[in-house]
Amino acid sequence: MNMKKTLLLSLFAFMAIAFNASAQNNSTHSITLRTLYGLEYSYEHQWNSGMSLIGRVGGGSEMYGHSMNYVIGKGFNVMVEPRYYLNNEDFFSVKVNGAILIPNTPFDVSLVPVYGIKREYNEHWFCEFTIGGGAAYHSGYGGFLYFKPHLQFRIGFQL
């Protein structure tokens, strides 16, 4: 099975799990707008230990490295993010992201550890800042590995 089909199957499986688990008290659904003009749906399940697991699907711009430069392309992404909250607002996480880029549909896969700060302003609105860097693989141009820096701001609405 090629990577594009795997990403699409992951997207549908994630949506099915998220809607099945929506009755749980420790889960939140949200719609977020992120830097590089991306729009995402997120599902987060939290445990009392400070751990949580977030799944995201969305679309927008994605940054990838090519020939010692970074390029921004449009695409769709699926992300899984295990997170450990240090308190109610600060956290460490590892973002595992897969993206299909348009045009020519190469895919980009990354593993990026980050530190983040999340602030909730009321029961619905929140913002989040994350910074980090990790490894990524891009299938275009014959395929190559590269360092993926991460700096992101996200504003969201919890459903």
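The values are calculated or read from the model by the stated rules, or taken from the named source; none is laboratory data. Here the structure is a predicted model, which is why all the values come from computation and not from measurement. Cβ sites come from the backbone with ideal geometry, for glycine too, and all protein chains shown count toward neighbours. Just so you know, the surface numbers come from the protein's heavy atoms only, side chains and all, with ligands and any DNA or RNA stripped out. Shrake-Rupley method; radii C 1.70, N 1.55, O 1.52, S 1.80 Å.
When the stretch 32-82 is filtered for residues that are open to solvent by 80 Å² or more (accessible area, probe 1.4 Å), part of a strand (DSSP E or B) and of a type in the set (Phe, Trp, Tyr), the ones remaining, listed by number, are Tyr70, Phe76.
Restricting the first member to the stretch 80-107 and to residues that are closer than 15 Å to Ala136 by Cα, and the second to residues that are of a type in the set (S, T, N, Q), the beta-carbon pairs closer than 6 Å and six or more apart or on different chains are Asn97/Asn77; Asn97/Ser110; Ala99/Asn77; Pro106/Ser139; Phe107/Ser139. For the stretch 122-131, state whether one or more residues are modelled with pLDDT of 95 or more and touching a Leu at 6+ places or on another chain (Cβ under 8 Å). Yes; the residues of the stretch 122-131 include at least one that is modelled with pLDDT of 95 or more and touching a Leu at 6+ places or on another chain (Cβ under 8 Å).
Yes/no per residue for (1) open to solvent by less than 80 Å² (accessible area, probe 1.4 Å); (2) under 17 Å from Met63 (Cβ atoms):
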{"residue": "Phe91", "(1), (2)": "yes, no"}
{"residue": "Val94", "(1), (2)": "yes, no"}
{"residue": "Asp108", "(1), (2)": "yes, yes"}
{"residue": "Tyr115", "(1), (2)": "yes, no"}
{"residue": "Tyr141", "(1), (2)": "no, yes"}
{"residue": "Leu159", "(1), (2)": "no, no"}
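Is the stretch 6-21 home to any residue that is at pLDDT below 95 and on the phi > 0 side of the Ramachandran plot? Lay out the reasoning, then the answer.
So in the stretch 6-21, the residues at pLDDT below 95 come out as 6-21.
In the following step, the residues that additionally are on the phi > 0 side of the Ramachandran plot were identified as none.
There is no residue in the stretch 6-21 that is at pLDDT below 95 and on the phi > 0 side of the Ramachandran plot.
Collect the residues in the stretch 97-106 that are out of contact with any Leu (no Cβ under 7 Å at 6 or more places or on another chain) and either open to solvent by 20 Å² or more (accessible area, probe 1.4 Å) or outside any strand (DSSP E or B) (or both), keeping them in residue-number order. Result: Ile102, Pro103, Asn104, Thr105, Pro106.
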